[in-house]
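Accompanying notes for the structure given below.
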Amino acid sequence: MIPYGRQDISEEDVAAVCSVLRSDFLTQGPVIERFERTVAEYCGAEYAVAVSNATAALHIACLALGLGPDDIAWTSPNTFVASANCARYCGAKVDFVDIDPVSLNISPVVLEQRLASAAQQGKLPKVLVPVHFSGQSCDMEAIGRLAQKYGIAVIEDASHAIGARFGNDVVGSCKHSDCAIFSFHPVKIVTTGEGGIIVTNRSDLAARLRLLRSHGITRDAGLMSCENPGPWYYEQIELGYNYRMTDIQAALGCSQMLRLDVFVSRRQELAARYDRLLADLCLQLPVQDQRAKSSWHLYVVRLRLDEISRSHREVFDGLRAAGIGVNLHYIPVHLQPYYREMGFAPGYCPEAEAYACSALSLPLFPKMTEEQQDRVVEALRNLVR
Ligand SMILES: *Cc1c(COP(=O)(O)O)cnc(C)c1O
């Protein structure tokens, strides 16, 4: 089976991990700091806080922004469940803003309308979580302008989008948001096995995130309630978690970051090749905003179902039977049983729902060969001709 995504591990990556195994620190130590600096510098952000996974990053980002049980968070329905669950961990309500059918990201037009009516009803969200779906950034300037107008905090879920750009901005620069998070799960652009990071330009947020990732404990004299009685002393000043990343993971991350631009350009090359090879099929190919330079986490095609004789399910099954590891990103989050229980039903986000009825994510990863890609194209050609 050709998987839809797969990590690219080099001998240098292996050596970097082994050298940490022979060192003094295994869990959070000096390599974490190096990894954080590397990611912050790449993005052009002031601070980075590495954590155990992107779900943990989203959770403590929500907490650090003050999200609580009386609040509401809004996100895209076309995302992994973690973009919504992070608000539920804080006891907040979740609501969904439908996508633009071309970019597949939250629609700034729908967002503007929804914010205007929420403001009238006194039901504005406290936090907005836009998702840079498939690696193509949302128009953060437009979203940031709306967020500022209504006094809403913004967490960019950039799990798909490390290495991407929009206009002159590197994703993660946080020019138009409070913070952005990345995932280092093996199917994503860069991996640490499991891992996540929050980048931000806000020193207050970075300090709070550092507390929350490690039990709410500090050794910083400036934060403590009494004078430090000795070198053993630490204080727990709030309720935090153990969301630390290990130095073993960070070493892999540092080594992978050296190849980030190579990964993205290889993905881009393969995406452009898919564009050429699939152009004559009954498919809607991915459309990029002129200003966007995607990191191509996913290559998603949509079947033009009115022009082909097979159903979405039949094409999906046919590709799997041919050894092609296609996937669906994503089942709209508001249609998950957990969220239906809260009153969401089909019809709530019609664009995301229509999209999910025809979408397929084709295999795409840096080590994918042209032969493998040809096999994908051939299998698809046989099914949707
Ligand atoms: C992968 C992913 C996450 C969660 O990442 P983990 O590191 O596995 O916790 C969150 N949001 C989106 C959009 C993702 O794709």
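Bear in mind that the values in this text are calculations on the coordinates, not laboratory data. This one's a predicted model, so the numbers in the text were calculated from it and none came from an experiment. As a convention, Cβ positions derive from the backbone with ideal geometry for all residues, glycine included, and neighbour counts pool all protein chains shown.
Send over the per residue convex hull volume for region 172-287, Cα only, as a whole number of Å³.
On the way: hull volume 18.0 nm³, N = 116.
Convex hull volume per residue, Cα atoms: 155 Å³.
When only C-alpha pairs under 8 Å and at least 6 residues apart count, what is the relative contact order of the chain, in percent?
Details: 801 pairs, mean separation 89.1, N = 385.
Relative contact order comes out at 23 percent.
A straight line joining the Cα centroids of region 279-348 and region 151-218 runs 26 Å. Expressed to the nearest 5 percent, the antiparallel share of DSSP beta bridges inside the chain is 65 percent.
Spacing of the modelled spin labels on R375 and D317, each 7 Å from Cα toward Cβ, amounts to 2.2 nm.
The calculated FRET efficiency for the pair R291 and K367, based on their C-beta separation and a Förster distance of 35 Å, comes to about 0.75.
Each of C254, C282, C138 was scored by other Cβ atoms within 10 Å of its Cβ. Arranged with the fewest first, they read C282, C254, C138.
With just the Cα atoms defining each centre, how far is region 1-36 from region 232-264? Give it in Å. A separation of 11 Å, based on Cα centres. Using the Cβ-Cβ distance between M1 and A116 with R0 set to 45 Å, the FRET efficiency from 1/(1 + (r/R0)^6) comes to roughly 0.40.
Can you put D169, D317 in order of Cβ neighbours within 10 angstrom, beginning with the fewest?
D317, D169
Each Cα pair under 8 Å and six or more residues apart adds its separation to the average, and for region 167-313 the resulting relative contact order is 18 percent.
Against the chain, whose longest principal axis comes from its Cα atoms, helix 140-150 is set at around 60 degrees. Residues W296, W232, W74, arranged from fewest to most other Cβ atoms within 10 angstrom of their Cβ, appear as W232, W74, W296. Gain on full extension, evaluated as 0.36 nm per residue between E238 and K123 minus their Cα-Cα distance, stands at 38.5 nm. Using the Cβ-Cβ distance between E33 and S265 with R0 set to 30 Å, the FRET efficiency from 1/(1 + (r/R0)^6) comes to roughly 0.60.
Work out how much length Q148 to D24 would gain on full extension: take 0.36 nm times their residue separation and subtract the Cα-Cα distance, in nm to one decimal. Walk me through the intermediate numbers first.
Values: separation 124, 0.36 × 124 = 44.64 nm, distance 4.56 nm.
Extra length available between Q148 and D24 comes to 40.1 nm.
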